[in-house]
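Just below is one structure, and these are the notes that go with it.
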Amino acid sequence: MCGIAGIVTRDGSPPDEGLIRRMMDAIPYRGRDGEGVWIKPGVGLGHRRLAIVDLSPLAAQPMTLLRPSGFGGQAPDGRFTIVYNGEIYNFRELREELSRLGSTFRSTSDTEVILEAYRRWGEDSVKRLRGMFAFVIWDATTRRLFFARDRIGKKPFFYRVLTNGSFAFASELKALIPLEPVTIDPAALRQFIGLQYVPPPRTGFREIVGVPQGHRGYADANGVRIESYHDWASIPVSASGDVSRDIVSLLDDAVKIRLQADVPVGAFLSGGVDSAAVVALAVKHLDRPLRTFTMGFPNIGMDERAEAREIATAFHTDHLEFEAKPDDLARVAEYVINQYDAPYADSSSLPLMLLSEQASQQIKVVLTGDGGDETFGGYRRYVAFDRALRLAAIPGFRSIAPPLARIVGTEFNDPRFIRVADAAPWAKRDPNRAYAELFCGSYFSSTQAAGVFHHDFLEQTSGDDPAAFIAKQMGTDGEPLARALRFDLMSYLPDDLNVKMDRATMAYGLEARAPFLDQYLVAYALRLPLNEKVHHGKTKVALKRALRGIVPSAVLSRKKRGFQVPLADWFRGPLNGYWRERCIDPKGPLAAYVQLPAVQRLFDENTRGTNHGNRLWMLLALSIWLSRYGRPSM
């Protein structure tokens with residue numbers, strides 16, 4: 001795991017080495033074990049190293065293959081040079097295959113395997129890689145840069161084309177933003193207020209592009225070309241006919257290969273099914289106690305430390321737990337928001353970053369339970385959506401459901417009913433839109449946005465309505481609920497959850513690995529019938545059945561909580577003044593987008609007991625982001 005950056009010049013001149021170093025200095029935390037810069041006519045590559053596998057200097061980057069081999073033995077020395085961020089879990093198998101074909105290796109690193117595979121198999125070599133990655137390979141003969149990003153979007157990759165035609169790339173936006181002036185993209189902000197993240201190719205800046213997961217491309221004097229290289233249907237799946245056995249076998253293999261490292265490995269542990277499953281399987285492959293880490297809150301309803309402690313005891317882990325307090329939030333809020341560069345408001349990034357800070361003092365690699373909900377149907381909103389679709393068939397439902405749900409939600413202070421009220425009008429005529437409104441209702445649904453944001457802003461960006469984006473991404477294949485799961489796997493997971501994990505962990509030089517995102521497990525889960533995921537109000541049907549006898553029964557029957565943050569309480573108390581100072585200043589940058597009386601009303605309602613925690617946090621995140629990057633060019 002590392003940080004990469006570089007420039008390919010349009011005119012073929014060598015880039016300024018100092019500029020490449022400044023790009024790397026913008027992301028030093030992504031790799032403090034080493035730094036390398038490589039400058040040649042037409043190209044400059046930079047690398048920050050976080051050493052995980054093969055800690056020797058032979059694995060340092062940028063790396064150039066210096067011997068003739070590959071395509072018919074005709075490739076000249078020094079033709080290919082790589083900088084790479086990630087981990088390839090099947091690199092040993094690929095190394096053996098390449099060795100049989102005549103390749104030789106100087107190091108025991110996965111980096112050299114990627115480079116040799118590209119020289120042997122070209123751009124399709126990326127399809128052979130099992131892992132998480134973002135890398136570039138410079139071809140000195142064709143004077144062309146190849147780049148690729150992994151299938152599920154674990155590792156980030158951004159680029160911009162400079163005014164002189166040069167192509168600049170980096171692992172994070174902060175390495176690209178200073179190169180030339182940037183302008184805020186209002187369309188990205190419109191998507192953000194309904195999603196809490198900005199989906200690629202948008203980034204929040206008109207000049208910078210995010211490469212989507214599962215894409216590869218080239219950059220040379222003729223410009224930039226990007227294409228998708230991945231189709232989940234193309235991943236081979238071996239099924240025995242016993243679903244439970246298959247799931248355990250695939251997950252166990254995914255955990256086992258992610259324990260490969262030449263540095264200490266641990267795991268994040270909550271009280272939920274996914275992290276418990278990862279820990280349960282990991283301990284079988286270790287000859288020492290696994291180190292586990294949990295973050296909790298001084299709010300009983302949102303604190304899973306006791307449950308995590310029970311799991312840690314059951315599997316005899318070396319367990320550490322920590323508590324996130326309002327003072328911690330105030331201390332890191334701006335740092336967290338700035339760490340993500342693009343507009344981003346997933347509040348669980350706050351405790352995750354605090355947890356990563358603590359865990360990084362003990363380990364360099366951490367296993368996580370990320371991906372279990374998206375692959376196996378774990379979110380409660382799937383049940384709500386399924387029930388809304390069934391209720392939509394009842395005569396008169398559309399006329400009575402919205403007002404009834406809104407009354408119940410207001411009376412009992414339950415935002416779930418408010419979200420149903422937003423989704424209900426669409427449930428029968430447009431199920432995709434119904435799920436979109438249900439999803440956006442956690443932040444700002446179409447109705448809510450109209451009451452808070454300026455009409456001019458919403459009108460100008462109407463083509464980028466987040467609910468319409470979700471509905472389009474869901475497509476038309478399969479049942480509506482299956483399409484909802486597909487959206488979460490193809491957008492919410494890579495563009496929100498994976499972004500959250502990457503920035504939070506890499507901020508402290510910690511590599512996160514997610515067994516549930518293994519390509520073979522994901523491909524298998526995508527082929528399961530829908531009723532093996534969500535059925536009769538139950539979630540993760542097949543996964544929970546498979547984990548019986550592996551994970552304690554109390555974990556399998558426990559109600560899902562998620563990594564929730566008691567924001568509503570904190571904004572009523574210790575963060576009250578901080579929020580008001582940032583969000584209701586008529587001279588502040590947020591005022592250009594929102595109706596301040598409506599924002600004040602949200603705050604007042606939250607103070608009186610309505611839970612607007614997510615929305616208030618989103619407004620705070622947007623205000624801080626705008627304060628840093630200025631007002632848009634509209």
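The values are calculated or read from the model by the stated rules, or taken from the named source; none is laboratory data. Nothing here was measured: the structure is a model prediction, and the numbers come from that model. So basically every Cβ, Gly included, is an ideal-geometry build from the backbone, and we count neighbours across all protein chains shown. Calculation scope for accessible area: heavy atoms of the full protein, side chains included, ligands and nucleic acids excluded. Shrake-Rupley method; radii C 1.70, N 1.55, O 1.52, S 1.80 Å.
Points to keep in mind about this one:
- Within a straight-line Cα-Cα reach of under 28 Å, LYS325 can be paired with the following lysines, leaving aside sequence neighbours fewer than 8 residues apart in one chain: LYS364, LYS500, LYS559, LYS560.
- Per-pair calculated FRET efficiency, R0 = 35 Å: ARG580 and GLU310 via Cβ, rounded to 0.05: 0.30
- Ordering of 270-276, 434-440, 174-180 by packing is 434-440, 270-276, 174-180, highest average first (other Cβ atoms within 10 Å, averaged per residue).
- In this simple spin-label model, placing a label point 7 Å from the Cα along the Cα-to-Cβ direction at both GLU93 and VAL263 gives a separation of 2.6 nm.
- Within the accessible area of the stretch 3-228 (1.4 Å probe), percent carbon and sulfur: 49
- Label separation (ILE394 vs LYS472): 3.5 nm, computed from points 7 Å beyond Cα along the C-beta direction.
- Residue-wise HN-Hα couplings along the stretch 110-118, as the Karplus relation 6.51 cos²θ - 1.76 cosθ + 1.60 with θ = phi - 60° gives them from phi, are 6, 4, 5, 5, 4, 5, 5, 5, 5 Hz; Gly and Pro carry x.
- Estimated at 0.36 nm per residue, the fully extended path between ALA554 and LEU286 surpasses their Cα-Cα distance by 94.0 nm.
- Take the Cα of ARG608, step 7 Å toward its Cβ, do the same at ARG32, and the gap between the two points is 4.9 nm.
- Computed from the C-beta positions of THR183 and GLN600 and an R0 of 25 Å, the FRET efficiency is 0.25 to the nearest 0.05.
- Dipole of the chain, positive direction: furthest Cα of LEU355, THR607, TRP38, with charges on the beta-carbon: THR607
- Protection proxy ranking of 138-146, 13-21, 230-238, by the mean of other Cβ atoms within 10 Å over each peptide's residues and highest first, is 138-146, 13-21, 230-238.
- (1) -0.25, -0.65, -1.20; (2) -0.37, -0.79, -1.13; (3) -0.22, -0.58, -1.13, with the label sought being that of the calculated log10 I(q)/I(0) by the Debye sum over Cα atoms at q = 0.05, 0.08, 0.11 Å⁻¹: (3)
- Mean separation of Cα contacts under 8 Å (6+ apart) over length of the chain, as relative contact order %: 15
- Kirkwood radius for the stretch 153-248, taken over all pairs of different Cα atoms as the inverse mean of 1/r, rounds to 15.9 Å.
- Taking all C-alpha pairs of the stretch 3-228, those more than 26 Å from each other amount to 33 percent.
- Note: relative contact order over the stretch 3-228, using C-alpha pairs below 8 Å and six or more positions apart, is 19 percent.
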